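Single-structure report; data block below.
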Amino acid sequence: MKIMPLLLICCVLILSACDSEPRARQAKFYAFGTEIDISLYDVDQETANNTIGILEQTFSNINNTWHAWQPSTLSRINEAIAAGQSIAIEEDVAQLIALASSLAKESQHLFNPAAGKLFELWGFHQDNWFESHPPPSEEDINIWLASSPTMDDIQIENGELTSLNSAVKLGFGAFAKGYAVDQAIAALRQHGINDAIVNIGGDLRAIGSHGKRPWVIGIRHPRKDGMIASIALHNDESVFTSGDYERFFIYEGKRYPHIIDTRTGYPADQAMSVTVLHNNASLADAAATALFVAGDNWPKIAASMGITYIMLIKTDGQIEMSPKMVDRIRLINNHKPVIIRSEES
Ligand code: ADP
Ligand code: MG
């Protein structure tokens with residue numbers, strides 16, 4: 001995923017610069033430890049510069065509220081849960097937690113943002129998560145598994161959040177980028193910008209078009225340099241990929257990717273990458289993570305999450321797609337037949 005969308009978008013923009021009236025602009029800044037690239041069409045330079053200020057504010061607010069291991073609204077909620085106490089929460093915070101709960105339920109808890117303690121055991125909730133460190137002991141994983149926290153343990157009533165299980169620790173890393181992209185698009189629209197891409201480290205949502213052409217994005221090959229596919233996006237679509245190739249740590253020669261199957265306590269290992277297309281970026285992000293964990297069972301989980309555009313690359317390199325994705329995606333240099341799967345097949 002990552003990087004290549006930027007390259008392809010760059011290609012599109014270079015093309016546009018050859019037009020008699022070049023009207024595409026790009027801007028970038030850093031947030032969430034990654035590069036955020038904004039592509040805008042048909043705006044002047046001043047408007048382009050102003051959007052950066054607006055979006056930096058949007059991302060900074062989200063970071064302050066939802067950071068999983070630095071002081072934040074979320075860390076205060078987690079402290080209350082660990083102490084067995086209820087805590088008063090604002091309406092917008094309640095809404096996001098309710099959204100996480102419904103996505104978790106639809107994914108049969110393969111997307112399990114209540115498993116923050118497990119992500120912590122694996123060392124993923126710290127700034128230097130990518131440095132080599134031992135995996136957790138089997139005993140610690142078994143103790144965590146016995147406590148079995150899920151979003152079903154969370155109750156919100158009259159602005160008060162209570163957890164029925166003190167082992168719940170919320171961590172929204174698996175859909176925070178999607179949520180941030182949705183907020184960013186809403187902010188752009190409020191400022192009258194209707195043709196744009198917000199790209200967060202390769203995952204993105206695109207609205208409108210690039211003039212008469214659609215926005216076209218690339219999907220990075222999970223094992224080789226370069227792209228595996230491209231997609232021309234319709235009016236408002238998000239493309240999110242979860243993979244084993246970007247965020248992982250290595251200990252004694254073994255690679256431990258950061259998406260965990262919370263049923264076993266260990267990293268999910270049935271896929272190299274899962275790409276999801278959906279207009280809502282929060283849902284696309286949560287679903288990419290859930291389907292990565294689902295592995296072979298992805299058609300069933302996709303159906304229960306209402307996702308119809310999926311490409312999953314298995315660990316042996318076999319590409320599987322949903323019927324609708326086949327019609328939309330253009331594979332590059334693919335020599336192997338794609339397996340088309342849906343819940344019925
Ligand atoms: P990326 O940011 O690379 O796109 P994801 O969206 O899949 O990856 O998010 C992975 C992060 O989410 C991990 O670092 C961890 O904090 C958390 N996480 C890992 N496994 C799960 C899971 N099964 N459900 C919910 N969150 C998860
Ligand atoms: Mg995700």
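The values are calculated or read from the model by the stated rules, or taken from the named source; none is laboratory data. Computed from a predicted model, the values in this text were never measured in an experiment. Glycine also receives a Cβ, built like all others from the backbone with ideal geometry; neighbour counts cover every protein chain displayed.
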| Restricting segment 31-57 to residues that are outside any helix (DSSP H, G or I) and out of contact with any helix residue (DSSP H, G or I) (no Cβ under 9 Å at 6 or more places or on another chain), the residue that is surrounded by the fewest Cβ atoms within 10 Å (Cβ to Cβ) | G33
| Is there any pair with a first residue in segment 314-328 that is within 11 Å of V338 (Cα to Cα) and a second that is assigned to a helix (DSSP H, G or I) whose Cβ atoms are under 8 Å apart and which are 6 or more apart or on different chains, and what are they? | E320/W298; S322/P299; S322/A302
| Can you name the residue in segment 238-274 that is within 13 Å of the chain's Cα centre (by Cα) and more than 11 Å from ligand 1 (Cβ to nearest atom) and is also surrounded by the fewest Cβ atoms within 10 Å (Cβ to Cβ) among such residues? | S238
| query | Which one of these does V338 not meet: (1) surrounded by 14 or more Cβ atoms within 10 Å (Cβ to Cβ); (2) within 12 Å of A229 (Cα to Cα); (3) at pLDDT below 95? | reply | (2)
| remark: Considering segment 219-237, residues that are basic (K, R) and surrounded by fewer than 24 Cβ atoms within 10 Å (Cβ to Cβ), and then whichever is farthest from ligand 2 (Cβ to nearest atom), we arrive at K224
| query | Going by the conditions given, is I97 out of contact with any strand residue (DSSP E or B) (no Cβ under 8 Å at 6 or more places or on another chain) and aliphatic (A, V, I, L, M)? | reply | no
| field | Among the residues listed as Q108, Q85, the single one being polar (S, T, N, Q), at positive phi and either assigned to a loop (DSSP other than H, G, I, E, B) or touching a Gly at 6+ places or on another chain (Cβ under 7 Å) (or both) | value | Q108
| field | Residues satisfying the stated conditions in segment 142-167, i.e. surrounded by 22 or more Cβ atoms within 10 Å (Cβ to Cβ) and under 15 Å from L110 (Cα atoms) | value | P149, M151
| message | Go through (1) at pLDDT 95 or above; (2) away from ligand 1 (no atom under 16 Å from the Cβ); (3) closer than 21 Å to A174 by Cβ for S75 and report which single condition fails. | response | (2)
| said: When the residues of segment 254-292 are narrowed to those that are among the hydroxyl-bearing types (S, T, Y) and more than 17 Å from K314 (Cα to Cα), which ends up nearest to ligand 2 (Cβ to nearest atom)? | reply: S282
| message | Residues that are closer than 21 Å to N112 by Cβ, at least 2 per element: which strands (runs of 3 or more DSSP E) completely within segment 203-317 meet that? | response | 236-243, 248-251, 254-257, 271-278, 309-314
| task | Identify the single condition in (1) touching an Asp or Glu at 6+ places or on another chain (Cβ under 8 Å); (2) within 16 Å of ligand 2 (Cβ to nearest atom); (3) not aliphatic (A, V, I, L, M) that G173 does not satisfy, given that it satisfies every other one. | result | (1)
